[in-house]
Amino acid sequence: MNTDAGFWCVVPAAGRGSRFGADLPKQYMLVAGKPLIQWTLERLAAHPRIAGILVTLAQSDPCWDAMGLRLDKPLLRVNGGNQRADSVLAGLRGLPESVADGDFVLVHDAARPCIHPGDIDDLVERGLEAGGALLAAPLRDTLKRAAEDSRVQETESRDHRWRAMTPQFFRRGELQSALESAQRRGVAISDEAMAMEQAGFRPMLVEGREDNIKVTTPADLAIAEYLLQRE
C-alpha cells in the first residue's frame, strides 16, 4: 500500500462547464488573476501526501499548453471522455505503472479550488481504515420535493442525507473495475462513490469543510475568489 510514497490524484477536466454559460471552459476562467484549475492543482501539489497529479483534458483543449503550469510534483495529462466517469476511467488507466491496483488514489474536481489540506488528511486517514471514502457535508437546509409545476409537493427529512464532495479516495483497481462495469451496463455515474456503491462497496463519508465549493455558476466563481483572496 502506498502510504509512505504518497498518493496520485486524478483531476478530470475534459468538460466545458456548459452550465457556467461562458465561451471559455470554466476551469480556465480567471480567479484572482489565475485560471481556476491552476489554483486547484497548486493546492493539491502542495500537500505532502500527494505524490503526483494526472489531469484528463479534452482532446482539442486550446488552453492547457498556453497556461504553462509548473508544479513541484509530477504532472501528467491524458485525453478524457465525454462524461466525467469516462474521464476518470481514462485517468486511472493512464497512471504510472508504479501505481498498483491495490494502491489508493484520489479523484478531485478541477472546479474545487478551495480544498483544505486538513480535509485531505482526514480523508486519507479515514479512507485507509475504511477501504475507501469521500469528503461530504451533511444537509443542513430544509429539503423540499418539487412537483412538476415547481410547487412544493412535500418536505423531506434531511436526516442521514449528505452532499458528496471531492476528493474521493479509493483503490485504483477497485475503482477502475467499478467504472468499467458501469460503462458496460450503460449506467450513468455521477461520482466515483456511486460506481463503488454499484459494485457492492460502502464508502465512508468523511465530513469536510463547507467552503470546499464547486464552481458551477458565475456566482460560485465570485465566492471562490473571495475565499482564495482571504487565505
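Every number here is computed from the coordinates shown, using simple stated rules; none is lab data. What you see is a predicted model, and the numbers here were worked out from it, not measured in a lab. Ideal geometry is used to build each Cβ from the backbone, glycine not excepted, and the neighbour counts take in all protein chains shown.
Worth a mention:
- 5 angstrom amide H check on LEU76, placed H, neighbours 5+ away: ILE53, LEU54, VAL55
- Full extension of the chain between LEU69 and VAL152 yields a length gain of 25.1 nm, computed as 0.36 nm times the residue separation minus the alpha carbon distance.
- Student exercise, the chain dipole from Lys, Arg, Asp, Glu Cβ charges, in Debye to nearest 20: 380 debye
- Look at the dipole of the stretch 7-230 built from charges on Cβ: of PRO48, GLN168, ALA58, the Cα furthest out on the positive end belongs to ALA58.
- Neighbour counting of Cβ atoms within 10 Å sorts the residues ILE120, ILE223, fewest neighbours leading, into ILE223, ILE120.
- The share of alpha-carbon pairs in the stretch 7-230 lying farther apart than 30 Å comes to 23%.
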